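*Asks:* Could you have a look at this structure, given as structure tokens, before my questions?
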Amino acid sequence: MKPDPKTVLTGTHFLKGNDAVCEGAISAGCNFVAGYPITPSTDIIERISKRFPFTGGTFIQMEDELSSSIAVSGAVWGGAKAMTVTSGPGFSLMMENIGYAAMTETPCVFVDVQRGGPSTGLPTLPGQADMMQARWGSHGDYQIIALCPESPQECYDLTIKAFNLSEEYRVPVLLMTDECVGHMSERVVIPPADEIELSPRRYTTLPPSEFHLFRPGKDLVPDMIKAGDGYHVHVSGLTHDEHGRPVITPECQDALVRRLVNKIRQNEPKIRMVEEDIPDDSDVILVSYGISSRIVFLVRELARKEGIKAGIIRPIVVWPFPEEVFRKAAKKSRPFVVVEMNMGQIVYEVERCAAGQAKTYLVPHAGGTVHNPEDILKIIREAVK
Amino acid sequence: MSVAVSNPIPVNPVEKYLRMERIPHIWCPGCGIGTALNAFIRALDEAGFEPDKVCVVSGIGCTGRVAGYVNLDSFHTTHGRAIPFATGLKLANPELKIVVFSGDGDLIAIGGNHFIHAAQKNMDITVICVNNFNYAMTGGQYGPTTPISAQTSTAPWGSYQAPFNLPKLAESAGAVYVARWTTYHVRQMKKSILEALRKKGFSFVEIISQCPTLYGRRNKFRDGITHMEWFKEHSVIKDHPIPSDINLGFRTETIVGKFLDIERPTYLDAMNDRYQRIREEKGV
């Protein structure tokens, strides 16, 4: 499936990451955005509100992030491709409805332009401390997919990818950018519409009498309908059976939650996106994602001048975590140095996958600016000692 | 010789709108939510909308379970968020008729902000609020509509906070249709719901209901019938009263009626007009 060429701004542009997210969403066929202003994400809804009258989309500025995040689910069940956009404090308010989207298997996209926290924190400055919140923020057991772009170009590409993954797995997909990536301007190439591949919604072909709203296919993902098609479905955040009927039993809970979790876990190799460059003679493996990885590529050059050879693993899809990649890399016992703009989040995943086979070091940073290369070098020197 | 012809068993007209396989429902004996649902279905039947194009959206709580019993596309959302869910649904597919059916705690306390904003935007939805004066699903705690002096599980010495006057709130926030009835007024309730369903814009019907198990038991309405008889004897029908006169007190006169029926552009109409004008200006 291809996007409508009239909506795609094909060409080479000089765009902010936030603008690129907006264009990525439009290219992906997004036609509903509900949002609430919050720095540093606001310029996404500003551009959306300007563009949507000409692309056939509906933008609504809601009264808060609670309403924005559930309006998205409503719009999807009405047949739209929908997204909401926020930053830290708003992301916290959206947690409940991320859980609702996960439970009701509503394909949609949440963008978190991360800033320094906790609480109001650093409204205008970057952070990467919402990564575990993205994974675990709503109550209960569920899985989501989260992507981390490191440039405006990736903001464009990964927004399309986020919509595609949400449709393929019927899951909320979180695009975890940050203030730096959101506000840096770089070259963004937007391809012609016929070179953009979009995943269609998995609408059922069965008649209402044979259709079950939550009966999964082989990949554990059920097909969908939209309201008004005559299927008379019931969608509930309560534990439900394959018909969507509330069934409050341990058995139904077990079947449903296992499937919600396994449909992502089981398909992780297909969802996986990792940039991996580990020469055989590497002394250390640098791990980073999003904006922090831009510094890490520079640090690798600086380390080389000191005679230290570093490999790099950059998860692009951070959730589900690419465990296999790290398990394999840990086998040669080279230390991992994890660079992230928080006091330690993804480092625990790396440590878990290393399972004692390789030492794991963290270069923590509370946010507000990217890492100082020297701080990373210091830990690298310690790691290879 | 005459042949005995068996009379066909009459089918209850509401059945086709219900998921009969889900009956018996979870509501207590004597509860008023079933009465409200019955009136809604009869109004829907009379309105003549294509059932495939009607959606019911509920939040959480006893009334929030309505979505689970109607044989329509129905959505049981998170607590307080039925109205913004309905907003997304309506904007994505304007041909759908969307009814939010929920309780006073869900719509006015945790969802109160969404209620006033959807009214202010004149979002094209019908909101039916069953007001039973307490949070019944969780065991009868006081809520945004509990009258002063009424006892609840978290106001064991009597409530002392002023309750919301829902019609006044809806009117001042921007609703275009506002009515209030009790569960005793089944015909009037059905008529108002029918008018609300046919109204373009944000229409609101408050249905005052008994809750014998939790609210009634603690406040000397010993069963559902007792409370309904009280509604019968203490309700006064007034059209277009002064909104501040329709406050609900504890065991005081209850003013019911159709309070407001005006015209105002809906959110979608206003948006489409504006977008259309801009597209014409830009020649797109």
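*Asks:* Kindly indicate whether B:VAL56 is part of a strand (DSSP E or B), buried (at least 24 other Cβ atoms within 10 Å of the Cβ) and more than 8 Å from chain A (Cβ to nearest Cβ).
*Replies:* So B:VAL56 passes the test.
*Asks:* Something else: Can you name the number of the only condition in (1) in contact with a Phe, Trp or Tyr (Cβ under 8 Å, 6 or more places away or on another chain); (2) among the small types (Gly, Ala, Ser); (3) outside any helix (DSSP H, G or I) that A:ALA134 fails?
*Replies:* For A:ALA134, the exception is condition (3).
*Asks:* Name the residues in the stretch B:29-46 that are more than 19 Å from B:CYS129 (Cβ to Cβ) and either in contact (Cβ under 8 Å) with a residue 40 or more places away in the chain or buried (at least 23 other Cβ atoms within 10 Å of the Cβ) (or both), would you?
*Replies:* Residues satisfying the conditions are B:PRO29, B:GLY30, B:GLU46.
*Asks:* Run down A:GLY237, A:GLY244, A:GLY228, A:GLY290 and say which single residue is under 20 Å from A:ALA146 (Cβ atoms), modelled with pLDDT of 95 or more and not assigned by TED's automatic domain parsing to the domain that holds A:MET103.
*Replies:* Just a single option satisfies the conditions, and that option is A:GLY290.
*Asks:* Then there's this: Could you check the stretch B:121-172 and list, in sequence order, the residues that are hydroxyl-bearing (Ser, Thr, Tyr) and assigned to a loop (DSSP other than H, G, I, E, B)?
*Replies:* Within the stretch B:121-172, B:THR138, B:THR145, B:THR146, B:SER149, B:SER153, B:THR154, B:SER159, B:TYR160 qualify.
*Asks:* Does A:VAL76 meet the test of being more than 10 Å from chain B (Cβ to nearest Cβ) and hydrophobic (A, V, I, L, M, F, W, C)?
*Replies:* When the stated conditions are applied, A:VAL76 does not pass them.
*Asks:* Checking the structure you have, find out if any residue of the stretch B:228-249 is buried (at least 17 other Cβ atoms within 10 Å of the Cβ) and without any contact (Cβ under 8 Å) to a residue 24 or more places away in the chain.
*Replies:* Checking the stretch B:228-249: at least one residue is buried (at least 17 other Cβ atoms within 10 Å of the Cβ) and without any contact (Cβ under 8 Å) to a residue 24 or more places away in the chain.
*Asks:* Still on this model: Check the stretch A:148-157 and report whether any residue there is among the small types (Gly, Ala, Ser) and away from chain B (no Cβ under 14 Å).
*Replies:* So in the stretch A:148-157, the residues among the small types (Gly, Ala, Ser) come out as A:151.
Going one step further and asking which of them are away from chain B (no Cβ under 14 Å), we end up with A:151.
Yes: the stretch A:148-157 contains one or more residues that are among the small types (Gly, Ala, Ser) and away from chain B (no Cβ under 14 Å).
*Asks:* Go through the stretch A:211-313 and tell me which strands (runs of 3 or more DSSP E), entirely inside it, have 3 or more residues that are closer than 30 Å to A:ARG201 by Cα and within 14 Å of another protein chain (Cβ to nearest Cβ).
*Replies:* A:234-236
*Asks:* While we're here: Can you tell me which residues in the stretch B:61-89 are touching a residue at least 60 places away in the same chain (Cβ under 8 Å) and either facing chain A (nearest Cβ under 8 Å) or not in a loop (DSSP other than H, G, I, E, B) (or both)?
*Replies:* So the first thing to find is which residues in the stretch B:61-89 are touching a residue at least 60 places away in the same chain (Cβ under 8 Å), and the list is B:61-64.
Within the stretch B:61-89, B:THR63, B:GLY64 qualify.
*Asks:* In addition: Go over the candidates A:VAL261, A:VAL287, A:VAL247 one by one and state the one that is surrounded by 14 or more Cβ atoms within 10 Å (Cβ to Cβ) and under 18 Å from A:ALA303 (Cα atoms). Break it down stepwise before answering.
*Replies:* Numbers: A:VAL261 fails: under 18 Å from A:ALA303 (Cα atoms); A:VAL247 fails: under 18 Å from A:ALA303 (Cα atoms).
Matching residue, one of A:VAL261, A:VAL287, A:VAL247: A:VAL287.
*Asks:* Just give me the residues in the stretch A:318-357 being charged (D, E, K, R) and not in a helix (DSSP H, G or I), in sequence order.
*Replies:* A:LYS331, A:LYS332, A:ARG334, A:GLU340
*Asks:* Out of the stretch A:334-385, which residues are closer than 22 Å to A:LYS309 by Cα, in contact with a Gly (Cβ under 9 Å, 6 or more places away or on another chain) and not β-branched (Val, Ile, Thr)?
*Replies:* A:ARG334, A:GLU340, A:LEU362, A:PRO364
*Asks:* Give the number of residues within the stretch B:101-115 that are buried (at least 24 other Cβ atoms within 10 Å of the Cβ) and within 11 Å of chain A (Cβ to nearest Cβ).
*Replies:* Counting residues in the stretch B:101-115 that are buried (at least 24 other Cβ atoms within 10 Å of the Cβ) and within 11 Å of chain A (Cβ to nearest Cβ) gives 3.
*Asks:* Oh, and also: Filter the stretch A:37-73 down to the residues that are among the β-branched types (Val, Ile, Thr) and within 27 Å of A:GLN128 (Cβ to Cβ), then identify the one that is nearest to the other protein chains (Cβ to nearest Cβ).
*Replies:* A:ILE70
*Asks:* Criterion first (β-branched (Val, Ile, Thr) and surrounded by fewer than 16 Cβ atoms within 10 Å (Cβ to Cβ)) does B:ILE23 satisfy it?
*Replies:* yes
*Asks:* Go over the candidates B:ALA150, B:ALA175, B:ALA162, B:ALA196 one by one and state the one that is aliphatic (A, V, I, L, M) and free of Cβ contacts under 8 Å to residues at least 60 places away in the same chain.
*Replies:* B:ALA162
*Asks:* Considering only residues of the stretch B:116-143 that are farther than 30 Å from B:LEU268 by Cα and buried (at least 21 other Cβ atoms within 10 Å of the Cβ), which is farthest from the other protein chains (Cβ to nearest Cβ)?
*Replies:* Within the stretch B:116-143, the match that is farthest from the other protein chains (Cβ to nearest Cβ) is B:PHE133.
*Asks:* Select, from A:LEU125, A:LEU147, the only residue that is touching a Gly at 6+ places or on another chain (Cβ under 9 Å) and farther than 30 Å from B:LEU96 by Cα.
*Replies:* That would be A:LEU125, the only listed residue that is touching a Gly at 6+ places or on another chain (Cβ under 9 Å) and farther than 30 Å from B:LEU96 by Cα.
*Asks:* Within the stretch B:1-19, restricting attention to residues that are part of a helix (DSSP H, G or I) and in contact (Cβ under 8 Å) with a residue 12 or more places away in the chain, which residue is farthest from B:LEU197 (Cα to Cα)?
*Replies:* Within the stretch B:1-19, the subset part of a helix (DSSP H, G or I) is B:15-17.
If we keep only those that are in contact (Cβ under 8 Å) with a residue 12 or more places away in the chain as well, we get B:16-17.
Numbers: B:LYS16: 19, B:TYR17: 16 Å.
Top of the filtered list is B:LYS16.
*Asks:* Looking only at the stretch A:196-210, which residues are more than 10 Å from chain B (Cβ to nearest Cβ) and more than 18 Å from A:GLU167 (Cα to Cα)?
*Replies:* A:LEU206, A:PRO207, A:SER209, A:GLU210
The values are calculated or read from the model by the stated rules, or taken from the named source; none is laboratory data. Quick caveat, the model's predicted, so the values are computed rather than measured. Heads up, the Cβs are rebuilt from the backbone with ideal geometry, glycines too, and the neighbour counts pull from every protein chain shown.
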